[in-house]
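Below: the structure, in structure tokens.
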Amino acid sequence: MALVDIALRDAVALGEAFAALERVIRKGQDSGEFRTDVDPRFASFIFYGGLEEILTGWVMGQLPDGDEDVRVAERTIVEMLCDGLLSTSPTPA
């Protein structure tokens with residue numbers, strides 16, 4: 001497989017990942033669980049970027065990567081990104 005083909009395949013897969021995240025965020029907005037004043041496309045890039053930077057930090061030895069460190073990273077991602085998306089108004093029944 002040529003390098004160009006691999007790059008194209010990876011770009012398509014990455015686009016699909018962003019689209020999936022955007023759909024999740026949009027569904028959360030439609031249900032009233034997520035804020036509607038946040039752009040779902042930008043939020044998907046921010047979410048993915050946060051994950052990517054943590055992975056890069058582990059690979060580059062910039063972040064500790066023990067079992068507890070991974071649990072802290074998971075919890076921090078959810079709290080910072082998801083809680084930041086949560087709507088402050090009550091969720092409709």
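The values are calculated or read from the model by the stated rules, or taken from the named source; none is laboratory data. Just so we're clear, the structure is a prediction, and the values are computed from it rather than from any experiment. Glycine also receives a Cβ, built like all others from the backbone with ideal geometry; neighbour counts cover every protein chain displayed. Ligands, DNA and RNA are stripped out before the accessible areas are found, and what is left, the full protein with its side chains, is counted by its heavy atoms. Shrake-Rupley method; radii C 1.70, N 1.55, O 1.52, S 1.80 Å.
Could you size up the charge dipole of the chain around its Cα centre, putting +1 on the beta carbon of Lys and Arg and -1 on that of Asp and Glu, and report it in debye to the nearest 20?
In debye, rounded to 20, the chain gives about 360.
Can you classify the chain as rounded, prolate or oblate using the Cα gyration tensor, where a ≥ b ≥ c are the square roots of its eigenvalues, rounded means a/c under 1.5, and otherwise it's prolate if a/b beats b/c and oblate if not?
Oblate, since a/c reaches 1.5 and b/c is not below a/b.
Given a 1.4 Å probe and every protein chain left where it sits, what share in percent of the accessible area of the chain is carbon and sulfur?
62
Once ligands and nucleic acids are excluded and a 1.4 Å probe is used, how much of T88 is accessible, expressed in Å² to the nearest 10?
150
Once every DSSP H run of n ≥ 4 in the chain is given -39500 (n - 2.57) and the sum is divided by its residues, what mean residue ellipticity at 222 nm do you get, rounded to the nearest 500 deg cm²/dmol?
-22000 deg cm²/dmol
In whole percent, what relative contact order does the chain give with Cα contacts below 8 Å and a gap of six or more residues?
So the answer I get is 35 percent.
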